[in-house]
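The values are calculated or read from the model by the stated rules, or taken from the named source; none is laboratory data. Please read all numbers here as calculations on a predicted model, not as lab measurements. Cβ coordinates were reconstructed from backbone atoms using ideal geometry, including for glycine residues, and neighbour counts include every protein chain displayed. Ligands, DNA and RNA are stripped out before the accessible areas are found, and what is left, the full protein with its side chains, is counted by its heavy atoms. Shrake-Rupley method; radii C 1.70, N 1.55, O 1.52, S 1.80 Å.
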Amino acid sequence: MLLSHRVRNYVMKFQTKGFVGNHVLRNWLNSNSHSNSYIRNVKFGTHVLKTLLDFNSHSNSYVGNVKVACRDFSTGRRIKRLNSFGGLTSLNAEEGRFLEMFQEYFDRAAGFLDMEEDELNLIKGCDAVLRVSFPFKKSDGSIQVVKGYRAQHSKHRLPVKGGMRFASTVNLQEIEALAGLMTLKCATMDIPFGGGKGGVCIDPVDYSEKDLEKICRRFTIELAKKNFIGPGRDVAGPDLGTGEREMSWMADTYAMLFGRNDINAHGVVTGKPENFGGIAGRRQATGLGVFFCVKEIMNNKFWMRKAGYTDEELGYLGKRFAVQGFGQVGYHSAKFIQENGGIVVGICDRSGGILKNTGIDVEAVRKHKDETGTVLGAYDSREEKLDESIEGTDGVAAVLACDTDVLVLAATQQQINVSNADAVRAKLIFEAANGPVTPLAEEILDGKGCIVVPDVLVSAGGVTVSYFEWLKSLSNVRFGRLTKNWEEKSKTMLIDTWEQIGGEIDARRKAEIIAGPSEQDIVYSGLHDAMITASQATIATSQKLNCNLREAAYCNAIQKIHSSITNSGLLLA
């Protein structure tokens, strides 16, 4: 028997449990009865079994790259991975959809946990989805049907929380996947929210501001009619194609509908302008969270050694960074990294990419993009020149493949995939966007020794500060308003006492010490604590389970959700 008895036994057990179709298993097993066949890129779990059969002239059969996220029924233990059954000659499988990506990553992490299959399926599955469509008459007189979606992935904690995106690529499976990631992200950060996500299938560039407002308000009404929005039920936030303006429209629409009976009506969304119930620091929160995560991971000996650095090379100071995506997240990530001693050598957006090995002036590029809508041409009027400035997708590819220590992915999902993972030269990748690295790409990167720090940790700064804003909306008081003056008075008394016993302190330093914290100071402090705590917990689990950082973060999140569901009695319903 050329296929090992152990692997065949697993397959037969999966067949009896009905995890995959009998015809797939039959074809797989039958192929191994021939002496001139081998199996490559075999993946099977609770959700997916993919096989690529390739008949060739080899005299032996091989099983390569066997990934398992199921239960070994002979021992009752869950198993993660079976490797080295023969050789893997090539990788030639199609990438799955975004939802399948999420489910694949979930299954991989689930293999480390001793939980029942049905419990895991409950946590992985989406609780509720809403799909609406409504007619809309544009300013030019044309009429179209607008489609919108909202997914509530998990209501183990309420409200559910998740962004609202406007993009032409929005579809239901994407929204479900993003809602699932938000569930895990909130659990990773110990935020008492379930996960949700929403979107409208339009390209904002094709609409006037007046048209966008009408669509946004109408979609808010549709959500309200179906009970898919509310400060205690489902809280939206900004995402791709939306920002403070859209959040203000949604909050105002909800307040007009329910504000008479709900004092917390403006807590229905986060990411609002500060003068409309928002919070200081929300705009830069995700990017600042990225920096805090970079700082923590790159000062960890265990993972820096895995990335190929010595103990003397710990830290981000002097390291080279490339940033894909230069919106709010990409810009603020690059800004905080550069301000604190990192060297940004590459930046790209959808228009192209720029490279400069001695370091790019992030603020200059930001100013240029605000004026022109592109990062290209930012150095045209300067004496110093860029090393490269490349238009279009070639420019994006050049930045992704540039010679850098760290790659920050702040664009959108599935940017590093099986087609370009081999070209990546960075030693560490930080996922500042949702799902930018596909499962097959992560396998290639793992094989190269490239460390991927997952989105559920890296990009969680936004939802963390959104939580702070939600609390502010419920309390209807600015953070620090009740305590700032008292703190300043207490510190003044302390310094006066120091000076009375002969101590000296200069006036500038004295003013800095006495000054009470602003709302932004408090937000930054809370965000820093949350990111560091979550990063340390992820690192500890990765070392305990001997797994990568994504699997560790997922394991931590799944266990927290499972505990919440168990304590609430939902598993007994």
Problem - From phi via Karplus (6.51, -1.76, 1.60), per-residue ³J(HN,Hα) for region 261-277 in Hz, x at Gly/Pro - result: 10, 9, 5, 9, 4, 6, x, 6, 9, 10, x, 6, x, 4, 7, 10, x
Handout entry: Three-way shape call for region 471-546 based on the alpha-carbon gyration tensor, with the a/c threshold at 1.5
Key = oblate
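Please calculate how many Å² of accessible area region 186-241 carries per residue, with a 1.4 Å probe and no DNA, RNA or ligand atoms counted.
Heavy-atom SASA per residue in region 186-241 reads 35 Å².
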Completion exercise
Expressed in nanometres to one decimal, the distance between label points 7 Å along Cα→Cβ at Asp361 and Lys137 is 5.1
Fill in the blank from the handout: In whole percent, the fraction of accessible protein surface over region 369-501 that belongs to carbon or sulfur atoms, probe radius 1.4 Å, stands at 51
Completion exercise
One finds, for Leu113 and Asn546 with R0 = 22 angstrom and r their Cβ-Cβ distance, a FRET efficiency to the nearest 0.05 of 0.95
Completion exercise
SASA check, Leu158, accessible area w/ 1.4 Å probe, all protein chains in place, rounded to nearest 10 Å², comes out at 100
Exercise for the section: Classify region 320-401 as rounded, prolate or oblate from the Cα gyration tensor: take a ≥ b ≥ c as the square roots of its eigenvalues, call it rounded if a/c is under 1.5, otherwise prolate when a/b beats b/c and oblate if not. Expected result: rounded
Fill in the blank from the handout: A 1.4 Å probe over the protein heavy atoms gives region 228-317 a carbon and sulfur accessible-area percentage of 49
Fill in the blank from the handout: Here, GluC sites (Glu not before Pro) of region 374-453 satisfying both criteria (DSSP loop; at most 10 other Cβ within 10 Å) are Glu383, Glu384
Practice task
Taking H placed 1.01 Å from N in the peptide plane, check which residues at least 5 places from Gly237 or on another chain put their amide H under 5 Å from its amide H.
Solution key: Gly162, Gly163, Met164, Thr270
Handout entry: In sequence order, calculated HN-Hα J values of region 512-519 (Karplus, 6.51, -1.76, 1.60; Hz; x Gly/Pro)
Key = 5, 5, 6, 3, x, x, 7, 4
Handout entry: Backbone HN-Hα couplings from phi across region 100-114 [Karplus 6.51/-1.76/1.60, Hz, Gly and Pro as x]
Key = 5, 4, 4, 5, 5, 4, 4, 5, 4, 5, 4, x, 8, 10, 9
Problem - Rounded accessible area per residue of region 360-484, 1.4 Å, Å² - result: 40
Handout entry: Protein accessible area in region 156-205, 1.4 Å probe - carbon and sulfur %
Key = 49
Practice task
Using label points projected 7 Å from each Cα along Cα→Cβ, tell me how many nm separate Lys491 and Asn299, to one decimal.
Solution key: 2.1
Exercise for the section: State the answer as a single residue: which of Gly267, Val290, Leu257 lies farthest towards the positive end of the charge dipole of region 236-311, with beta carbon charges of +1 for Lys and Arg and -1 for Asp and Glu, about the Cα centre. Expected result: Val290
Exercise for the section: Just subtract the alpha-carbon distance of Arg508 and Glu312 from 0.36 nm times their residue separation and send over the number in nm, one decimal. Expected result: 67.0 nm
